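Peer 1: The structure follows.
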Amino acid sequence: MAAEIPPVPWSTIPEMMRDVASRHAALDAVVDGETRLDFDSLHAESLRFARALDAQGIGAGDAVAIWASNGWRWVVAASGAWQVGASVVPLASRWKAPEVGPLLTRVGARILVVDEESAGERLLDALVARYATGGSPGGATSGAPGGSPPIAGLPSLEQVVVLDRAAASDGACARSSTSTSTSAAARAAGGEVGLGSETASSGVARWDEFVARGDGRAAPDGSAARPESIAQILFTSGTTGSPKGVELAHRQLLSAYWDWSGIGGLEAGDRFLVIPPYSHGFGMNGGILACWMRGVANVPVAVFDPRATLEAIARERISVISGPPTLFATLMNLEGFAPERTRSLRTAFVGAAAVPTELIQAMRGRMGIRRVINAYGLIEVCVVSMTRADDAESVIATTTGRAMPGVEVRIVAVGEGAAASDAVDVPDGSPGEVWVRSQGVMRGYFRDPEQTAAAIVEGGWCRTGDVGIRDAVGHIRVVDRLKDAYNCGGFSAYPAEIENQLLEHPSVAQVAVVGVPDARLGEVGHAFVIARAGTRVDPEAIVAWARANMANYKAPRRVHVLESLPLNANGKVRKEVLRARALEGV
């Protein structure tokens, strides 16, 4: 059988950037408000940032942390870090200073690129307030080479680069010289964040000032990045414990997202509205790397606003969009939604365990989206499976498609042991834990051999922690997370499966199900629902309907009606919040 797409033509990210910039020089690469960079300019700006990193002594193996919302400088900073062989450590802009400080110390980040303000939060001020005095959050004691660190309690940090979003942009990202001396600009930055001018002058700089430090130096040639070099350290959300840092290398990232973007049909000249945060694996790799590789314009969204999103789709002639099913339902339910303003859309990636068939039909009929794609992946293994262009609506609605090229999948009986030699594969059609083996499997968790050994077992198989079912054709249906599944009266109940069934009720627009302790049955389901427009939800009627349409152990015992579901930065439901509310009887 011929390959679905040709092999990836590069082995490192700098090699890819250089090639694409030469072939697609004049195409839009990043469109961020008034700032528009073509691929030639984006490459030049990434090299300029790389020269500044080089002047700072940042190179292969160093960690460059980025704590900011989506924007053109985020793309340039990450691209510049890859040029010098450094690892990008993305930190979610919604995280708080007490969450960020320990991670900076753990990876030994030598430089932090940070938003001055994001979504109303003054990020750097908060970090300084928390760690202005000594006492490393991670126990490190070594100071920054050549002097005191700019933030005393974060000793590995040598440089903070502040993104000043209030600065005027000329719309072309021209290389203007700074209007103040280096020390004066640093003192200004230091004063605003509460740092003394003497300390700040050596460790805090505005973006323009920092990148100017590399002017006149030779640009790095990209050779410091090797195919197996760690390009990213992505931290898990940490909702079930201390965040783990997933290490991913250049070659595997290029291979995984070359396949994803190829099967997904991304084309040079497409315009991708990137709503997921760059700090998330998909946001950075689907939104930055895949756009680089395919010559696609990356149109970043800093903070999601439904009406502003619709305006951006029309204004920028967006052809590719991604998000959970709730995002598309929200857009179409907006008062005054006009289908003609979304007709530029061609492709939508939904990435969900289940997508209501009615929603797919509405996305096609009302929004004009010609291809809806479902896919499955996780940070530790990149992309696992994906629907294809000729798949039926029923396949897209109920499965995440077939395995990607070069990806092996096993569905293993839960509780049969960690070693691959002891694991028992379940028959097609039966649920089990999804195990994956591919080039996309992470190198490991950063400096955490114990957790790495628990996740990557004998034979190179990665245990995903997801419960899945594979049919005879190879389509994979992700039923739930092992940690979200609950046991009701001796039966395993999977919330995602129950949610999909509840969405068939004519009054239910959105729903999330969680397991709650029960004295008699062990655990029972509680459903949190949002009513469809023009209807009202009767909780008792929903419970009765569920009992009539699904197995008794699946039917939720209680239904709670909400105006909205609590979502994280990636648009996924925060089920830990719902569990807490269920326990409180709300």
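Peer 1: Tell me which residues, restricted to the stretch 510-525, are surrounded by 20 or more Cβ atoms within 10 Å (Cβ to Cβ) and in contact with a helix residue (DSSP H, G or I) (Cβ under 9 Å, 6 or more places away or on another chain). Before the answer, list the steps.
Peer 2: Of the residues in the stretch 510-525, the ones surrounded by 20 or more Cβ atoms within 10 Å (Cβ to Cβ) are 510-515, 524-525.
Scanning the stretch 510-525 gives 510, 511, 512, 513, 514, 515, 525.
Peer 1: Hey, another quick one. Just the residues that are of a type in the set (D, E, K, R), modelled with pLDDT of 95 or more and more than 24 Å from residue 242 (Cα to Cα), please, taken from the stretch 438-491.
Peer 2: Residues satisfying the conditions are 470, 471.
Peer 1: Determine which single condition residue 321 fails, assuming it passes every other condition in (1) in a helix (DSSP H, G or I); (2) aliphatic (A, V, I, L, M); (3) touching a residue at least 40 places away in the same chain (Cβ under 8 Å); (4) crowded, with 24+ Cβ neighbours inside 10 Å.
Peer 2: Every listed condition holds for residue 321 apart from (1).
Peer 1: Further question on the same structure: Just to check your reading of the model, which residue among 299, 274 is among the hydrophobic types (A, V, I, L, M, F, W, C), surrounded by 24 or more Cβ atoms within 10 Å (Cβ to Cβ), in contact with a Gly (Cβ under 6 Å, 6 or more places away or on another chain) and not assigned by TED's automatic domain parsing to the domain that holds residue 74? Give the steps one after another, and end with the answer.
Peer 2: Numbers: 299 fails: in contact with a Gly (Cβ under 6 Å, 6 or more places away or on another chain).
When all the criteria are applied, what remains is 274.
Peer 1: So, one more: Quick one: in the stretch 339-357, which of the residues that are more than 22 Å from residue 276 (Cβ to Cβ), of a type outside the set (Lys, Arg) and touching a residue at least 12 places away in the same chain (Cβ under 8 Å) is surrounded by the fewest Cβ atoms within 10 Å (Cβ to Cβ)?
Peer 2: 339
Peer 1: Given the structure, is residue 129 assigned by TED's automatic domain parsing to the domain that holds residue 54, assigned to a helix (DSSP H, G or I) and within 14 Å of residue 150 (Cα to Cα)? Step through it out loud before you land on a result.
Peer 2: On the way: assigned by TED's automatic domain parsing to the domain that holds residue 54: yes; assigned to a helix (DSSP H, G or I): yes; within 14 Å of residue 150 (Cα to Cα): yes.
When the stated conditions are applied, residue 129 passes them.
Peer 1: Out of the stretch 464-480, which residues are without any contact (Cβ under 8 Å) to a residue 60 or more places away in the chain and in contact with an Asp or Glu (Cβ under 6 Å, 6 or more places away or on another chain)?
Peer 2: If the condition is that a residue be without any contact (Cβ under 8 Å) to a residue 60 or more places away in the chain and in contact with an Asp or Glu (Cβ under 6 Å, 6 or more places away or on another chain), then 467, 472 are the ones that fit.
Peer 1: Same structure again: Among the residues of the stretch 220-230, are any within 24 Å of residue 51 (Cβ to Cβ), buried (at least 18 other Cβ atoms within 10 Å of the Cβ), under 18 Å from the mean Cα position of the chain (by Cα) and in the same structural domain as residue 115 (by TED's automatic domain parsing)? Spell out how you get there, then give the answer.
Peer 2: Restricting attention to the stretch 220-230, the residues satisfying the condition of being within 24 Å of residue 51 (Cβ to Cβ) are 220-227, 229-230.
With the extra rule that they be buried (at least 18 other Cβ atoms within 10 Å of the Cβ), the set shrinks to 220, 222, 224-225, 229-230.
Now narrow it down to the ones that are under 18 Å from the mean Cα position of the chain (by Cα): 230.
Still in the running and in the same structural domain as residue 115 (by TED's automatic domain parsing): 230.
Checking the stretch 220-230: at least one residue is within 24 Å of residue 51 (Cβ to Cβ), buried (at least 18 other Cβ atoms within 10 Å of the Cβ), under 18 Å from the mean Cα position of the chain (by Cα) and in the same structural domain as residue 115 (by TED's automatic domain parsing).
Peer 1: When the stretch 421-446 is examined, which residues are found to be more than 22 Å from the chain's Cα centre (by Cα), in a loop (DSSP other than H, G, I, E, B) and either assigned by TED's automatic domain parsing to the domain that holds residue 493 or surrounded by fewer than 17 Cβ atoms within 10 Å (Cβ to Cβ) (or both)?
Peer 2: Initial filter on the stretch 421-446 (more than 22 Å from the chain's Cα centre (by Cα)): 421-433.
Among the residues that remain, those that are also in a loop (DSSP other than H, G, I, E, B) are: 421-424, 426-431.
421, 422, 424, 427, 428, 429, 430 - these are the residues of the stretch 421-446 that are more than 22 Å from the chain's Cα centre (by Cα), in a loop (DSSP other than H, G, I, E, B) and either assigned by TED's automatic domain parsing to the domain that holds residue 493 or surrounded by fewer than 17 Cβ atoms within 10 Å (Cβ to Cβ) (or both).
The values are calculated or read from the model by the stated rules, or taken from the named source; none is laboratory data. A quick note: this is a predicted structure, and the numbers were derived from the prediction, not measured. Every residue, glycine among them, receives a Cβ derived from its backbone with ideal geometry; neighbour counts consider all protein chains shown.
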